[in-house]
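Peer 1: One structure, as structure tokens, below. Some questions next.
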Amino acid sequence: MEELFSSSGDGPVYADSHLVVTRTRRPIGLRFAGEIDISNSDAVAQSIRVTLADSGRSHLDVSGLSFIDVSGIRALVDAAQELGDGRQLLLHGLAPQLETVMRVTGWTDVPALALCECEVEAR
């Protein structure tokens, strides 16, 4: 069962039996914990669109992911490409294997998507 929450407030942005998406305070963004696959990749993209619609540079902490399939990676890439206007999604905590997949596919070359090393603080 999945549940999409509003873009404001202190609760999770999205939660299902495999994934919880919460806001981060510094820097502003989202933290993903659990698994992203075909069953929730659309909700992941929608969570990014709804929550980060007005942010210039938004940070996504993916260090809490135990699994992400190609549909999940594609959801992140598509969400970044939809931002437009020079805005950018910055990925934190990317597993080495995932970074390799993104480099091989050329997704690290997407201007609106970048890898980031700064600290992310929970809300």
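Peer 1: Looking at the structure I just gave you, is Leu76 closer than 20 Å to Pro27 by Cα, touching a strand residue (DSSP E or B) at 6+ places or on another chain (Cβ under 6 Å) and open to solvent by less than 20 Å² (accessible area, probe 1.4 Å)?
Peer 2: Values: closer than 20 Å to Pro27 by Cα: yes; touching a strand residue (DSSP E or B) at 6+ places or on another chain (Cβ under 6 Å): no; open to solvent by less than 20 Å² (accessible area, probe 1.4 Å): yes.
No.
Peer 1: In the range 8-47, how many are closer than 12 Å to Gly64 by Cα and of a type in the set (Asp, Glu)?
Peer 2: Count: 1.
Peer 1: Would you check which residues across the range 54-99 are small (Gly, Ala, Ser) and under 14 Å from Asp37 (Cα atoms) and list them?
Peer 2: Filtering the range 54-99 down to residues small (Gly, Ala, Ser) leaves 55-56, 58, 63-64, 66, 71-72, 75, 79-80, 84, 86, 93, 95.
If the condition is that a residue be small (Gly, Ala, Ser) and under 14 Å from Asp37 (Cα atoms), then Ser66, Ser71, Gly72, Ala75 are the ones that fit.
Each row is one residue, and each column tells you yes or no for (1) touching a Lys or Arg at 6+ places or on another chain (Cβ under 7 Å); (2) small (Gly, Ala, Ser); (3) at pLDDT 95 or above.
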site	(1), (2), (3)
Pro12	no, no, no
His18	no, no, yes
Thr24	yes, no, no
Gly29	no, yes, no
Ala33	no, yes, yes
Ile38	no, no, yes
Gly56	yes, yes, no
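Peer 1: Then there's this: Quick check on my filter: what residues within the range 79-92 are in contact (Cβ under 8 Å) with a residue 12 or more places away in the chain, of a type outside the set (S, T, N, Q) and open to solvent by 40 Å² or more (accessible area, probe 1.4 Å)?
Peer 2: Glu82, Gly86, Arg87 - these are the residues of the range 79-92 that are in contact (Cβ under 8 Å) with a residue 12 or more places away in the chain, of a type outside the set (S, T, N, Q) and open to solvent by 40 Å² or more (accessible area, probe 1.4 Å).
Table: residues versus (1) charged (D, E, K, R); (2) under 21 Å from Cys118 (Cβ atoms).
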site	(1), (2)
Thr51	no, yes
Asp54	yes, yes
Ala75	no, no
Leu83	no, yes
Leu90	no, yes
Pro96	no, yes
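Peer 1: Mind listing whichever residues of the range 94-115 are in contact with a Gly (Cβ under 9 Å, 6 or more places away or on another chain) and surrounded by 13 or more Cβ atoms within 10 Å (Cβ to Cβ)? Before you say what the answer is, go through the steps one by one.
Peer 2: Of the residues in the range 94-115, the ones in contact with a Gly (Cβ under 9 Å, 6 or more places away or on another chain) are 111-112.
Ala112, the sole residue that qualifies.
Peer 1: Which of the residues spanning the range 50-66 are within 13 Å of the chain's Cα centre (by Cα) and open to solvent by 70 Å² or more (accessible area, probe 1.4 Å)?
Peer 2: Selection gives Arg57, Ser63.
Peer 1: Still on this structure, please answer the following. Which strands (runs of 3 or more DSSP E) sit wholly inside the range 22-100 and have at least 2 residues that are farther than 20 Å from Val110 by Cα and in contact with a His (Cβ under 6 Å, 6 or more places away or on another chain)? Explain how you work it out, then say what you get.
Peer 2: Values: elements: 29-36, 57-68, 88-92.
Filter on the range 22-100 gives 29-36.
The values are calculated or read from the model by the stated rules, or taken from the named source; none is laboratory data. Here the structure is a predicted model, which means the values were calculated and not measured. As a convention, Cβ positions derive from the backbone with ideal geometry for all residues, glycine included, and neighbour counts pool all protein chains shown. Only protein heavy atoms, including side chains, enter the accessible area calculation; ligands, DNA and RNA are left aside. Shrake-Rupley method; radii C 1.70, N 1.55, O 1.52, S 1.80 Å.
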